[in-house]
Amino acid sequence: MDLGAAPGGWLQVAREAVGESGFVLGVDKQEIKPLSCTNVVTIVADIEDPSLPDRVREEMPGPVDVVLSDASPDLTGAWDLDQARQVHLANQSLEIAKRVLRKGGSFFVKAFHGADLPDFKSKLSECFQTVRIVKPPASRSDSSELYFLGLNYTSETRRQSLRDESLDRSISEHATATRS
């Protein structure tokens, strides 16, 4: 599945990856020029629409293996605002991925360099066994654009952080001490 699929470049890459036997769904707010492949379907929809994951499940012939998101905000030229809006779209894409990805699936999402990235990477680490930051060769070297790759979706069951584990231990130890 490709979120923010217009004009269709990633759809073509995804179609090559899945071949004749796979299926690719492209989603964008704008209509996408149809590809000449029967196993590539596009829909006009907004990733901000809370009903989108249900619509995706209706369109897909089975569980989603990969969610790509190249969604980008309309740029204002105000860097802090543009970066925050991009991270918001990346978070929206992650929320959709968590509702449609199969366990073990992958997530590839665009982001812009900025202060919000460590928090976003942390969210990804709660859902995916492996998280990497990548910059595709087609991306300009001076571009602030980068991509996060989440591999092996582990579901919405969050892995506890060390801080949470420490807190759990502390509560358990306190409970044991008060029972003694």
Output the residue which, of all residues in segment 28-46 that are within 24 Å of Arg102 (Cα to Cα) and of a type in the set (A, V, I, L, M), is nearest to the chain's Cα centre (by Cα).
-> Ala45
Of all residues in segment 132-156 being surrounded by 14 or more Cβ atoms within 10 Å (Cβ to Cβ) and under 17 Å from Gly114 (Cβ atoms), the one that is modelled with the lowest pLDDT = Ser139
Determine, yes or no, whether Ala115 is in a loop (DSSP other than H, G, I, E, B), modelled with pLDDT of 75 or more and not hydroxyl-bearing (Ser, Thr, Tyr).
-> yes
When Leu25 is run through (1) closer than 21 Å to Lys135 by Cβ; (2) under 15 Å from the mean Cα position of the chain (by Cα); (3) hydrophobic (A, V, I, L, M, F, W, C), the failure sits at (1)
Going through segment 27-70 in order, the residues found to be of a type in the set (D, E, K, R) and buried (at least 19 other Cβ atoms within 10 Å of the Cβ) are Asp28, Asp70
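The values are calculated or read from the model by the stated rules, or taken from the named source; none is laboratory data. Computed from a predicted structure; not experimentally measured. With ideal geometry, Cβ positions are generated from the backbone for all residues, glycine too; neighbour counts draw on all protein chains shown.
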